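Presented below is the structure to which this report refers.
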Amino acid sequence: MPGDARRLRLHGRADEAQFAQNPLPVVEAMGEALAAWHGGQTSSLTPRTPMEIRNALALLDEESAVIPSPYERVSRPTLRTALSSGPPANSAAVCTHGAPIVAAAFLDRGVLRWDTPSEPGLDPAERDLAIALRSIAETFSPEATRTFIDAYTTYGGQLPDAATLDWYALLAAFR
């Protein structure tokens, strides 16, 4: 609970060993922080998704490129078709962070702050959510992702569209 993170006055990088035993206050604070980020100003921001699609497709064209997990059993043409289709048009664009991963988050006396990205973007929230969820699952555990989504929606984030989140999860695997 972000309130617990503040009460406990947790301090340090979110991926430090001190949080491995009980990552839930950190994960909840990440959900709160990302919801706040997504509520930011969107004027003069540009979408990241088109460039990320081009980069993922270029990787697929490299014969020696390793297909990221869990997509290694899917054929390259199928992945190419899925990526080329673009995300479902079910979500409004928000101010996106760029790299909302556990390693880019730190607690300063219980308040979670994100490392500043090179440039905020304008994409569906599911883009950042897919990146954050993958990072949380890999750093802590898949079970912690539910806590993150609960905190994200509690603090003002919209419940993600499942199809859009799935598509961005595929794109995020190629980052």
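Is it the case that the stretch 131-142 has a residue that's among the aliphatic types (A, V, I, L, M) and touching an Asp or Glu at 6+ places or on another chain (Cβ under 9 Å)?
yes
Quick one: what pairs do we get from the stretch 156-169, first residue free of Cβ contacts under 8 Å to residues at least 60 places away in the same chain, second part of a helix (DSSP H, G or I), C-beta under 6 Å, 6+ apart or different chains?
Sorted first by the residue in the stretch 156-169, then by its partner, the pairs are Leu159/Thr153; Leu165/Glu126; Leu165/Ala130; Ala169/Ala130.
In the stretch 53-82, which residues are touching an Asp or Glu at 6+ places or on another chain (Cβ under 9 Å) and either of a type in the set (Lys, Arg) or modelled with pLDDT of 95 or more (or both)?
Arg76, Arg80
Only one of Ala93, Ala103 is touching an Asp or Glu at 6+ places or on another chain (Cβ under 8 Å), touching a residue at least 12 places away in the same chain (Cβ under 8 Å), more than 24 Å from Gln41 (Cα to Cα) and surrounded by fewer than 17 Cβ atoms within 10 Å (Cβ to Cβ). Can you tell me which?
Ala103 is the lone residue from the list that is touching an Asp or Glu at 6+ places or on another chain (Cβ under 8 Å), touching a residue at least 12 places away in the same chain (Cβ under 8 Å), more than 24 Å from Gln41 (Cα to Cα) and surrounded by fewer than 17 Cβ atoms within 10 Å (Cβ to Cβ).
From the residues in the stretch 136-173 that are aromatic (Phe, Trp, Tyr) and farther than 23 Å from Arg13 by Cβ, which one is surrounded by the most Cβ atoms within 10 Å (Cβ to Cβ)?
Only one residue tops the list, namely Tyr168.
Tell me which residues, restricted to the stretch 60-80, are surrounded by fewer than 16 Cβ atoms within 10 Å (Cβ to Cβ) and hydrophobic (A, V, I, L, M, F, W, C).
Once the filter is applied, which keeps residues that are surrounded by fewer than 16 Cβ atoms within 10 Å (Cβ to Cβ) and hydrophobic (A, V, I, L, M, F, W, C), the stretch 60-80 yields Ala65, Val66, Val74.
I'm trying to understand the selection: among the residues of the stretch 10-42, which are over 16 Å from Asp108 (Cβ atoms), in contact with a strand residue (DSSP E or B) (Cβ under 7 Å, 6 or more places away or on another chain) and in a loop (DSSP other than H, G, I, E, B)?
Those that are over 16 Å from Asp108 (Cβ atoms), in contact with a strand residue (DSSP E or B) (Cβ under 7 Å, 6 or more places away or on another chain) and in a loop (DSSP other than H, G, I, E, B): Gly40, Gln41, Thr42.
The values are calculated or read from the model by the stated rules, or taken from the named source; none is laboratory data. Since the model is a prediction, treat every value here as computed from it, not as a measurement. A quick note on method: Cβ atoms are made from the backbone with ideal geometry, for glycine too, and the neighbour counts reach across all protein chains shown.
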